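Reviewing the structure listed below.
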């Protein structure tokens, strides 16, 4: 090697750097690259000269791996237990796929999808002519809100049902389901008479009604309102006429307003929907003293029809309230009996009408 004598340190540094830049770089060890075999497997040659193969499994499930012969100076590395187990699992899975024809089905679906796609791409769409073309449809109007009246009616029905249920529950649970032995007894009829119902429930039955009210308006109201002393007198003295025409509301006429006008001519119609003038209207559950009053009036005058006249004896209640209490409270409790009703197993009074009449059970 040539030796140079430098007196300037800066020059010596420049010479050393130049020599380093011109010096050949050390050999870089190349990483092994896979070489593709004829059978599709990849062959790796390590630095130590050993050959390793990567197995390739084709789509049809055939193992394309073949053991390549050892190259010059190379040895094939033996398979370990994990690789053997893996190969065995692959082989079993391929056999199952062939048995289930999964691959064949997948290929058939792929071919069918390609055919459908090609057919769709070949469709020629006709451009609609401007002559006689229809205008695009206008978007539908936004949905209208339901009538508030329907919501009010639904709430009223739910409230009434809740009140009736509360009334039934407050009287010893008479409307609750019967015991299991009774419900499951196929020999027991689905409907019972009022007497059978009381006997089954261990209730002392009250007097039997025949479905007719034989009284007139309560005497104190007859006097205070100046009403006639009988139904015939009230009708004739206030215009008379055919009841089929004069006794019913006309078409489109409000029934409650029509009933209000009938206080003199047909008090039964009035008191079915209205309390006595100046009297507060009560709603909700019936108190025990009201129920006792109901039974007393029924024993004296009967009950089952003309609920407006009947209600004139029950302060703060109207006719349709008395009718509902009779069906949902009085009869289920056995306070009064009525052959126009039968009792279901669940304790519901069902109207069947008079025996022998049209529509009776």
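Data overview
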read-out: Members of the range 224-244 found to be outside any loop (DSSP other than H, G, I, E, B) and in contact with a helix residue (DSSP H, G or I) (Cβ under 9 Å, 6 or more places away or on another chain), listed by number; value: 225, 231, 234, 235, 243
read-out: Failed item in (1) under 16 Å from residue 217 (Cα atoms); (2) in contact with a strand residue (DSSP E or B) (Cβ under 7 Å, 6 or more places away or on another chain), with residue 309 passing the rest; value: (2)
read-out: Residues that are within 28 Å of residue 333 (Cα to Cα) and touching a helix residue (DSSP H, G or I) at 6+ places or on another chain (Cβ under 8 Å), drawn from the range 250-281; value: 268, 271, 272, 273, 274
read-out: Check on residue 219, surrounded by fewer than 16 Cβ atoms within 10 Å (Cβ to Cβ), assigned by TED's automatic domain parsing to the domain that holds residue 320 and in contact (Cβ under 8 Å) with a residue 24 or more places away in the chain; value: no
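The values are calculated or read from the model by the stated rules, or taken from the named source; none is laboratory data. Treat the numbers as computed from the prediction; the structure is a model and nothing was measured. Note: ideal-geometry Cβ built from the backbone for every residue, glycine included; neighbour counts use all protein chains shown.
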